[in-house]
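As structure tokens, the structure follows; a few thoughts come after it.
Every number in this text was worked out from the coordinates using simple rules, so none of it is lab data. Worth saying up front: this structure is predicted, and the values here are computed from it rather than measured. Methodologically, a virtual Cβ is constructed for each residue, glycine included, from the backbone with ideal geometry; neighbour enumeration extends over all protein chains shown.
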């Protein structure tokens with residue numbers, strides 16, 4: 001860096017974006033915190049201060065707990081499965097094959113498609129009788145009349161399956177970028193030392209991919225905690241709250257019951273949970289991240 | 001050699017299986033839209049052989065009086081164009097400030113930018129709704145466009161800053177020796193060199209805004225202000241819940257513009273992800 005002094009013009013350049021973030025991110029955060037401390041009904045004039053009651057009530061509410069649990073289950077299944085799937089596909093498309101670019105583009109398409117439209121199609125895929133999966137099961141000589149989205153045992157798993165399909169493209173591209181930045185000399189050296197494909201994957205690819213993996217893990221988790229459109233269109237949280245996730249729960253609390261105070265408290269609880277989970281992820285991967293940072297030197 | 005052939009063959013088999021899995025829902029969507037309205041839901045054996053080819057579904061849906069698709073399309077276009085334009089402007093200015101200028105508190109402010117990416121949008125929705133309501137902007141274009149809570153300004157700033165940092169400083173120095181101000185360097189030197197990065201941000205902003213559902217659903221209350229994505233969720237029930245052919249016709253109409261846009265700009269999506277630098 002050249003010997004520049006603090007230049008006031010810098011503030012001018014960052015001012016519009018900073019003001020935008022202040023007004024449309026940080027101010028709403030503050031307002032939400034304020035709302036969360038009040039018993040605030042959207043259509044009533046009185047908004048009595050209730051301290052942390054909204055938080056306590058949410059934590060004791062069995063329905064909120066169910067939604068919280070479902071969110072955790074969704075994240076804990078869809079994120080690792082989605083990452084493993086995406087890494088496998090990234091390895092597949094990281095080959096010099098004719099037409100490989102077409103496949104890479106193709107796998108990205110679900111991620112840029114209308115969430116409402118694909119939710120409608122997946123309703124059909126999971127339908128009893130005429131749905132695609134039941135049709136395939138019947139072809140295979142199985143029962144083939146399961147109402148996947150209407151069965152408490154399968155509904156959340158169905159949404160996990162769909163999320164793998166939607167999330168493949170972006171995750172795959174990130175892993176691919178990670179794979180392609182591993183210096184080929186490392187593989188060559190390992191091959192000379194007699195390391196087989198699995199050993200090269202285990203001892204070179206995976207360690208070198210740690211920063212990439214961490215990035216995908218954190219962003220995927222943030223996304224998983226905010227699952228909404230699919231639930232709204234496909235199951236409305238049902239059957240019997242089997243797919244009621246926190247963001248959908250908050251949506252109903254705020255816009256069906258008009259309890260925006262408790263909805264705000266619940267959204268803060270979601271935020272807090274997300275921060276804790278991210279921190280745990282960082283803790284768990286800190287050692288590997290440090291080793292990788294040294295290996296990249 | 002035979003081993004290698006086998007591996008290539010196996011790879012193609014897997015790739016084709018994945019491609020079919022990826023495409024099947026879209027193929028079903030497209031062909032269902034050619035079935036006559038109210039015909040039974042097409043299973044794979046019936047999908048490619050409708051009772052008759054009902055191409056009339058498209059004009060029918062496009063001119064359905066209660067659901068003005070042309071109007072939805074216009075709304076989506078106005079909102080998306082405005083959001084992309086605003087994001088490109090404010091993010092590139094901020095990115096220049098963060099990448100090229102020195103000022104007190106710069107790195108702290110940049111960290112705050114990055115941290116806002118962690119905030120789940122749901123936290124901000126209720127307050128934004130109250131603010132937009134107070135301003136009398138519910139069901140208006142400003143209300144739809146300005147508070148776009150999902151479209152992360154922080155992400156855009158981060159993306160562009162990373163790119164600006166990779167541009168050689170000698171470019172600015174030469175312009176500065178010629179007496180150019182920071183604003184001139186930003187406009188005449190950095191922006192023209194950063195076209196790929198700007199296209200990347202535009203591509204992401206376009207797709208995120210075009211497919212956004214939660215905010216436009218809340219912020220609009222009359223049919224004439226709906227975006228395509230929200231309009232489609234209304235379609236779901238408008239023709240009767242089981243009228244799959246018409247629903248899928250609407251779905252194809254909603255998806256087509258975004259898909260064409262993606263295919264035209266797809267290399268920028270890949271570039272952008274690489275650019276944000278997963279190695280930190």
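Given axes a ≥ b ≥ c from the Cα gyration tensor, I'd like to know whether region B:1-77 is rounded (a/c under 1.5), prolate (a/b larger than b/c) or oblate.
Since a/c reaches 1.5 but b/c is at least a/b, the shape of region B:1-77 is classed as oblate.
Per residue, how big is the convex hull around the C-alpha atoms of region A:200-297? Give it to me in cubic angstrom, could you?
124 Å³
At 7 Å along Cα-to-Cβ for each site, give me the label-to-label distance between residue B:19 and residue A:187 in nm.
Once both label points are built, they end up 2.2 nm from each other.
Whole angstrom only: what separates the Cα centroid of region A:152-215 from the Cα centroid of region A:10-55?
40 Å
Over all residues in B:83-95, what is the mean tally of Cβ atoms on other chains that come within 10 Å of each residue's Cβ?
3
When a/c is below 1.5 the answer is rounded, else prolate if a/b is larger than b/c, else oblate, so apply that to chain B with a ≥ b ≥ c taken from the square roots of the Cα gyration tensor eigenvalues.
Cα axes put chain B in the oblate bin.
Assuming R0 = 22 Å, can you tell me the calculated FRET efficiency for the pair residue A:284 and residue B:115, based on Cβ-Cβ distance, to the nearest 0.05?
Efficiency at R0 = 22 Å is approximately 0.60.
Name the most mobile residue of B:88, B:198, B:115, meaning the one with the largest mean-square fluctuation, in a Gaussian network model of chain B with Cα contacts below 10 Å.
B:115
Using a basic spin-label model with each label point 7 Å from the Cα along Cα→Cβ, how many nm lie between residue B:242 and residue B:64?
Result: 1.7 nm between the two label points.
Which peptide among B:1-10, A:108-117, A:76-85, A:50-59 comes first, and what is the full order, when sorted by highest mean count of other Cβ atoms within 10 Å?
In descending order of packing, they fall as A:108-117, A:76-85, A:50-59, B:1-10.
With the convex hull built on the Cα atoms of region B:133-251, state its orientation-averaged projected area in nm².
For region B:133-251, the mean projected area of the Cα convex hull comes to 10.5 nm².
For region A:53-296, report the convex hull volume of the alpha-carbon atoms normalised per residue, in Å³, without decimals.
Convex hull volume per residue, Cα atoms: 155 Å³.
How fast does region B:104-183 diffuse by Stokes-Einstein, in µm²/s, taking the Kirkwood radius from C-alpha pairs at 37 °C and 0.692 mPa s?
After rounding, the answer is 208 µm²/s.
Over the C-alpha atoms of region A:23-122, what are the Rg and the largest Cα-to-Cα span, Dmax, in Å?
Expressed in Å, the Cα Rg and Dmax of region A:23-122 come to 22.2, 68.
Pick out which of A:125, A:280, A:174 has the largest mean-square fluctuation in a Gaussian network model of chain A, springs linking Cα atoms closer than 10 Å.
A:280
Round to the nearest 0.05 the FRET efficiency obtained for residue A:61 and residue A:151 when R0 = 35 Å and r is the Cβ-Cβ distance.
0.90
Helix B:2-32 against the longest principal axis of chain B: what's the angle in degrees, Cα atoms only, rounded to the nearest 10?
Rounded to the nearest ten degrees, it is 70.
Compute the long axis of helix B:153-166 from its Cα atoms, compare it with the longest principal axis of the Cα atoms of chain B, and write down the angle in degrees, 0 to 90, nearest 10.
The helix B:153-166 is inclined about 50 degrees to chain B.
So between residue A:88 and residue A:34, what do we pick up on full extension, going 0.36 nm a residue minus the alpha carbon distance?
14.9 nm
Report the residue, chosen from B:107, B:224, B:133, that carries the largest GNM mean-square fluctuation when chain B is represented by alpha-carbon nodes joined by springs under 10 Å.
Maximum among the listed residues: B:107.
Testing the spin-label approximation: label points 7 Å from Cα along Cα→Cβ at residue A:9 and residue B:169. State their distance in nm.
The two pseudo-label positions are separated by 1.6 nm.
Across the residues of B:13-25, average count of Cβ atoms on other protein chains within 10 Å?
Other-chain Cβ atoms within 10 Å of each residue's Cβ, averaged: 5.
Viscosity 1.306 mPa s, temperature 10 °C: what is the translational diffusion coefficient of region A:97-165 from Stokes-Einstein with a Kirkwood Rh over Cα pairs, rounded to a whole number of µm²/s?
The estimated diffusion coefficient comes to 118 µm²/s.
So, R0 is 51 Å and r is the distance between the beta-carbons of residue A:69 and residue B:180; what FRET efficiency does that work out to, to 0.05?
E(calc), rounded to 0.05, equals 0.30.
Between region A:240-297 and region B:43-112, how far is it from one alpha carbon centroid to the other, in angstrom?
Going from one Cα centre to the other spans 26 Å.
How would the protein assembly as shown be classified by its alpha-carbon gyration tensor: rounded, prolate or oblate, with rounded meaning a/c under 1.5 and the a/b versus b/c comparison settling the rest?
Since a/c stays below 1.5, the shape of the protein assembly as shown is classed as rounded.
Once you average over the residues of B:254-261, how many Cβ atoms of partner chains fall within 10 Å of each Cβ?
For this peptide, the per-residue mean of nearby foreign Cβ atoms is 3.
Return the calculated 222 nm mean residue ellipticity for the protein assembly as shown, to the nearest 500 deg cm²/dmol, obtained by summing -39500 (n - 2.57) across DSSP H runs with n ≥ 4 and dividing by the residue count.
The helix contribution divided over the protein assembly as shown gives -22000 deg cm²/dmol.
If you fit an axis through the alpha-carbon atoms of helix B:195-210 and take the longest principal axis of the Cα set of chain B, what angle between them do you get, 0 to 90°, nearest 10?
Relative to chain B, helix B:195-210 is tipped by roughly 40 degrees.
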